[in-house]
Amino acid sequence: MFILLVIAGIALFVRNMRRLRHNIRLGTVVDTSDHKRERLIRMLRLALGQGKMGVRPVAGLLHLFVYVGFIIINIEVLEILIDGIFSTHRAFGFMGGFYNFLIGAFECLALLVLVGVVTFYIRRNVLKISRFHKKELQGSAQRDANIILYAEMVMMSLFLVMNACDYLLQIREVAPYAKVGAFPVSQWISPLFASFSTPVLIAIERTAWWGHIIGIFAFLNYLYYSKHLHILLAFPYTYYAPVKPKGELNNLPSVTREVQLMLGTIEDNGAEEPTPTFGASDIMHLSRTQLLAAYSCTECGRCTDECPANQTGKLLSPRKIMMDTRRRTQEVGENIRKHKGVFQPDNKQLLGDYITPEELWACTTCAACVEACPMEINPLSIIMDMRRYIVMEQSAAPTSLNKMMTQIENTSSPWGYHPSEREKVWKE
Ligand code: SF4
Ligand code: SF4
């Protein structure tokens, strides 16, 4: 049964990761072979080192507990796998003093993870911190956040209960519970179980053991559907994201080519070129890095908190831009899988059906969202690509902008003054 569980858990995880890869590859190809050193340093700083989490120290420290604790405690999974496959009990117990240290450290970390997730739960559901209760987080997103908090609480509790019962069974010298491990936390909860008979203790210990490993596989496979995918994707995203100053906007290659052709700096080789799309109306027009960013977003809302448009009551929320991009990518990916690899038009697109022009035009392009994001995710780049589509493909820019652009075109001045009058106007 255990081996079947492991095979099923891993097979499902591989299937989910293949789906994820397929979805991200729906975006356009970007060259990420440059600046290898800078990319690596950024990944080590932001993903491994949690470099920007300390900006909000309390949340940063709690997140560090959960991050370090959760990763290190999962070393324990290796022992559980060996025990499960070979029907041993505490296979690493032969390490003696070092094993005592490991189990002791795992228990302390499990306690810190519990403190972290319980505090996160209180901040979200009792204190109701405003960024966790914006419109885009209502419903499934809020449920997802809470499911993960419950799952972490349950898994850490099962780990401590398992050890508490093991500790008691070791004292009673029940086979195969040989005296191994140190239990600095669970020995304090063991009195809760001390009155139980040995068979009941074994049953609780085994149930907690199975529950812990089943929980880990369930968690692993739930990731694909959850914002918690960031625990895996923070690393590739911080490596593959473009290396450039935060507010810098890219030139569209399709526009650059058109301009070069007009200026005669490149030759039209007469080859049939596919009609370029200017900007993005759907996820297929976004880059793979932008789609990876959407999957990496933790929905923490720090970007929305800092966004001047959101602060002044506009419809725009940069977090929603990332959430919508991910939802649409999932939808398109499912559509393609259902129709044997071919996308069936569904009369929907990212622009309009998910993200409205009103949201897009509310952006001031200040890049405060990028600065605030712990992973330096860039909602601004998606906003700009979609605006470009509205302007260049739909010619549907707001009237005030059209007027300004015409004036720049005619007089090189957004206010429409003739160049010869600039100084005069300024003096007046
Ligand atoms: S760049 Fe746009 S979305 Fe980002 S913080 Fe500024 S106004 Fe908000
Ligand atoms: S884009 Fe960054 S700051 Fe905004 S919600 Fe996602 S992870 Fe948080």
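The values are calculated or read from the model by the stated rules, or taken from the named source; none is laboratory data. From a predicted model like this one, the values you see are computed outputs, not experimental measurements. Every residue, glycine among them, receives a Cβ derived from its backbone with ideal geometry; neighbour counts consider all protein chains shown.
Details
- Residue within region 142-151 that is surrounded by 19 or more Cβ atoms within 10 Å (Cβ to Cβ), out of contact with any Leu (no Cβ under 7 Å at 6 or more places or on another chain), closer than 20 Å to residue 102 by Cβ and hydrophobic (A, V, I, L, M, F, W, C) present: no
- Taking region 314-404 and the helices (runs of 4 or more DSSP H) fully enclosed by it, the elements with 2 or more residues that are near ligand 1 (Cβ under 10 Å from one of its atoms) and more than 19 Å from residue 283 (Cβ to Cβ) are at 368-372.
- Cβ pairs under 8 Å, 6+ apart, first in region 382-400 and farther than 18 Å from residue 365 by Cα, second among the β-branched types (Val, Ile, Thr) and surrounded by fewer than 20 Cβ atoms within 10 Å (Cβ to Cβ): 392/255; 393/277
- Residues that are crowded, with 17+ Cβ neighbours inside 10 Å and under 22 Å from the mean Cα position of the chain (by Cα), drawn from region 109-120: 113, 114, 116, 117, 119, 120
- Among the residues of this structure, residue 132 counts as one that is among the aromatic types (Phe, Trp, Tyr) and more than 23 Å from residue 76 (Cβ to Cβ).
- The number of residues in region 302-324 that are acidic (Asp, Glu) and surrounded by fewer than 20 Cβ atoms within 10 Å (Cβ to Cβ) comes to 1.
- If you go through region 163-187 and keep only what is surrounded by 14 or more Cβ atoms within 10 Å (Cβ to Cβ) and not in a loop (DSSP other than H, G, I, E, B), you end up with 163, 164, 165, 166, 167, 168, 169, 170, 186, 187.
- In region 68-77, the residues that are modelled with pLDDT of 85 or more and out of contact with any helix residue (DSSP H, G or I) (no Cβ under 8 Å at 6 or more places or on another chain): none
- Filter result (within 16 Å of ligand 1 (Cβ to nearest atom) and under 9 Å from the mean Cα position of the chain (by Cα)) within region 283-299: 293, 294, 297, 299
- Entirely in region 206-298, the helices (runs of 4 or more DSSP H) that have 1 or more residues that are surrounded by 14 or more Cβ atoms within 10 Å (Cβ to Cβ) and at pLDDT 95 or above: 230-240, 288-296
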